[in-house]
Ligand code: NAI
């Protein structure tokens, strides 16, 4: 079966070239799906299996998928699959598989990296040092020890964040639709309602998937309920935070700092050329893009381009599972289907 891997960087290429891929006819392309030339397209339009990464600028929807009439499988090299139109895949009989688990430690460690960077002004201090403009009184931070972190979503990543937080000597409050009582007991954390978590946390970190129900979970109402000077961390999905409400909360000092590895409509960071040239970009998308750009200019906001997963160890685990997913599909035993969830 003809298999195309898009978004292939050096680590991915090195790994894949050493592996046996069942499908035989495999093409590795550094480009994203929407960036290929007409000539490349002519060579791959009969693809039966496509593997994409989460940084695909345009949603894999009817328009983009109809370009591949023989497509049978999408193997996304990510846990999240909100970049794929699952309804249309079902309609067309295209199977979609993901990598459900690969890096709870990877994302949790990154989350603490950004928290420490904000708490101790590490990035500002480094920039000032480079510019020969050191102002010692600008870098007074706070200890994590003895402060309270509120974790929203205690799945694989949220639980690892809780373990690290306990290691730092933090008190841990948690909220999940399905509290894990055993975890609560073993790690001495406390499940509370959202309002209590908002009211008592010095740091709030998001680790829930994007759903219709939690769209803009952190909105004006939620920020009002939080402690003054709270720190917000988001390594989950951009849509959990209303960016305008966050911007307002930051300007009024309600939120002291924010570290955002994910943003609503974050694609512009990597694909601004495509987004800005696009004629039919929806207004709310354009507005988001402006707010995101403003957030990026604030010195108490640390924005990273969706890289919390990005360690060599995690990428190798992602590729290992993706190849297993493809090989299982070829032998007629689908694993990690997201259509069945
Ligand atoms: P998981 O599926 O193991 O856990 C998610 C947890 O969130 C579950 O316990 C679930 O009950 C809970 N949940 C669902 N809706 C909720 C709500 N409205 N309020 C509170 N809790 C809710 O997922 P995992 O692997 O821990 O991933 C968490 C998030 O991290 C996902 O959004 C995922 O897309 C994101 N992620 C981000 C990465 C990055 O590079 N920035 C890399 C990997 C995952």
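Scan the range 47-66 for residues that are surrounded by 14 or more Cβ atoms within 10 Å (Cβ to Cβ) and in a loop (DSSP other than H, G, I, E, B) and jot them down.
Within the range 47-66, 47, 48, 53, 54, 55, 56, 57, 58, 59, 61 meet the criteria.
Got a number for residues in the range 88-105 being within 13 Å of the ligand (Cβ to nearest atom) and crowded, with 22+ Cβ neighbours inside 10 Å? Walk me through it before giving the result.
Let us first name the residues in the range 88-105 that are within 13 Å of the ligand (Cβ to nearest atom), namely 98-105.
Of the ones still in play, those that are also crowded, with 22+ Cβ neighbours inside 10 Å are 98-99, 102-103.
Final tally of qualifying residues: 4.
Restricting attention to the range 74-91, which residues are assigned to a loop (DSSP other than H, G, I, E, B) and touching a helix residue (DSSP H, G or I) at 6+ places or on another chain (Cβ under 6 Å)? Steps first, please.
First pass over the range 74-91, keeping only residues assigned to a loop (DSSP other than H, G, I, E, B): 77-83, 85.
Correct list: 77 only.
Out of the range 199-214, which residues are over 15 Å from the mean Cα position of the chain (by Cα) and surrounded by 14 or more Cβ atoms within 10 Å (Cβ to Cβ)?
First, pick out the residues of the range 199-214 that are over 15 Å from the mean Cα position of the chain (by Cα): 199-204, 212-214.
Correct list: 199, 200, 201, 202, 203, 204, 214.
Scanning for something at pLDDT below 95 and within 16 Å of the ligand (Cβ to nearest atom), does the range 17-24 turn up at least one residue? It would help to see each step written out before you state the result.
Let us first name the residues in the range 17-24 that are at pLDDT below 95, namely 17-24.
Still in the list and also within 16 Å of the ligand (Cβ to nearest atom): none.
Scanning the range 17-24, I find no residue that is at pLDDT below 95 and within 16 Å of the ligand (Cβ to nearest atom), so the answer is no.
Has the range 46-69 got at least one residue that is within 16 Å of the ligand (Cβ to nearest atom), out of contact with any helix residue (DSSP H, G or I) (no Cβ under 8 Å at 6 or more places or on another chain) and closer than 30 Å to residue 166 by Cα?
The answer is no, given that none of the residues of the range 46-69 is within 16 Å of the ligand (Cβ to nearest atom), out of contact with any helix residue (DSSP H, G or I) (no Cβ under 8 Å at 6 or more places or on another chain) and closer than 30 Å to residue 166 by Cα.
Pairs, please: C-beta under 8 Å, at least 6 apart or cross-chain, first residue in contact (Cβ under 8 Å) with a residue 60 or more places away in the chain and in the range 211-225, second more than 10 Å from the ligand (Cβ to nearest atom) and outside any helix (DSSP H, G or I)?
From the range 211-225, the pairs are 217/241.
Scan the range 1-14 for residues that are more than 17 Å from residue 54 (Cβ to Cβ) and either in contact (Cβ under 8 Å) with a residue 24 or more places away in the chain or crowded, with 17+ Cβ neighbours inside 10 Å (or both) and jot them down. Reasoning before the result, please.
Of the range 1-14, the ones more than 17 Å from residue 54 (Cβ to Cβ) are 1-3, 10, 13-14.
Result: 1, 2, 3.
Enumerate the pairs (first residue in the range 128-155 and farther than 30 Å from residue 208 by Cα; second residue anywhere and assigned to a loop (DSSP other than H, G, I, E, B) and more than 16 Å from the ligand (Cβ to nearest atom)) with beta-carbon separation below 6 Å, excluding pairs fewer than 6 apart on the same chain, so at least 6 apart or on different chains.
Cβ pairs passing all conditions: 128/134; 139/121.
Which of the residues belonging to the range 1-39 are in a strand (DSSP E or B) and within 17 Å of residue 315 (Cβ to Cβ)?
Across the range 1-39, the qualifying residues are 5, 28.
Any chance the range 97-108 includes a residue that's at pLDDT 95 or above, over 30 Å from residue 255 (Cβ atoms) and either over 23 Å from the mean Cα position of the chain (by Cα) or not in a loop (DSSP other than H, G, I, E, B) (or both)?
Yes, some residue in the range 97-108 is at pLDDT 95 or above, over 30 Å from residue 255 (Cβ atoms) and either over 23 Å from the mean Cα position of the chain (by Cα) or not in a loop (DSSP other than H, G, I, E, B) (or both).
All but one of (1) without any contact (Cβ under 8 Å) to a residue 12 or more places away in the chain; (2) away from the ligand (no atom under 16 Å from the Cβ) hold for residue 113; which doesn't?
The single condition residue 113 does not satisfy is (2).
Hey, does the range 249-256 have a residue that's surrounded by 18 or more Cβ atoms within 10 Å (Cβ to Cβ), at pLDDT 95 or above and under 23 Å from residue 160 (Cα atoms)?
No: the range 249-256 contains no residue that is surrounded by 18 or more Cβ atoms within 10 Å (Cβ to Cβ), at pLDDT 95 or above and under 23 Å from residue 160 (Cα atoms).
For residues in the range 166-198 being assigned to a helix (DSSP H, G or I) and away from the ligand (no atom under 15 Å from the Cβ), which is surrounded by the most Cβ atoms within 10 Å (Cβ to Cβ)? So that I can check it myself, show each step before the final result.
Just the residues of the range 166-198 that are assigned to a helix (DSSP H, G or I), to begin with: 166-167, 181-187, 194-198.
From what's left, away from the ligand (no atom under 15 Å from the Cβ): 166-167, 185-186.
Numbers: 166: 15, 167: 10, 185: 9, 186: 10.
Here the residue is 166.
Mind telling me which of the residues 146, 141 ends up being part of a loop (DSSP other than H, G, I, E, B) and under 27 Å from residue 293 (Cα atoms)? First the steps, then the outcome.
Values: 146 fails: under 27 Å from residue 293 (Cα atoms).
Within the list 146, 141, the selection yields 141.
Based on what the data block shows, is residue 205 outside any strand (DSSP E or B) and within 13 Å of the ligand (Cβ to nearest atom)? Lay out the reasoning, then the answer.
Values: outside any strand (DSSP E or B): no; within 13 Å of the ligand (Cβ to nearest atom): yes.
No; evaluated as a whole, the condition is false for this residue.
Can you pull out every residue in the range 208-235 that is in a strand (DSSP E or B) and within 16 Å of the ligand (Cβ to nearest atom)? Full working, then the answer.
Step one: of the range 208-235, the residues in a strand (DSSP E or B) are 218, 230-234.
Correct list: 218, 232, 233, 234.
The values are calculated or read from the model by the stated rules, or taken from the named source; none is laboratory data. This structure is a prediction, so every number in the text was calculated from the model and none was measured. Don't worry about glycine lacking a Cβ; one is built from the backbone with ideal geometry, like all the others, and counts go over all protein chains shown.
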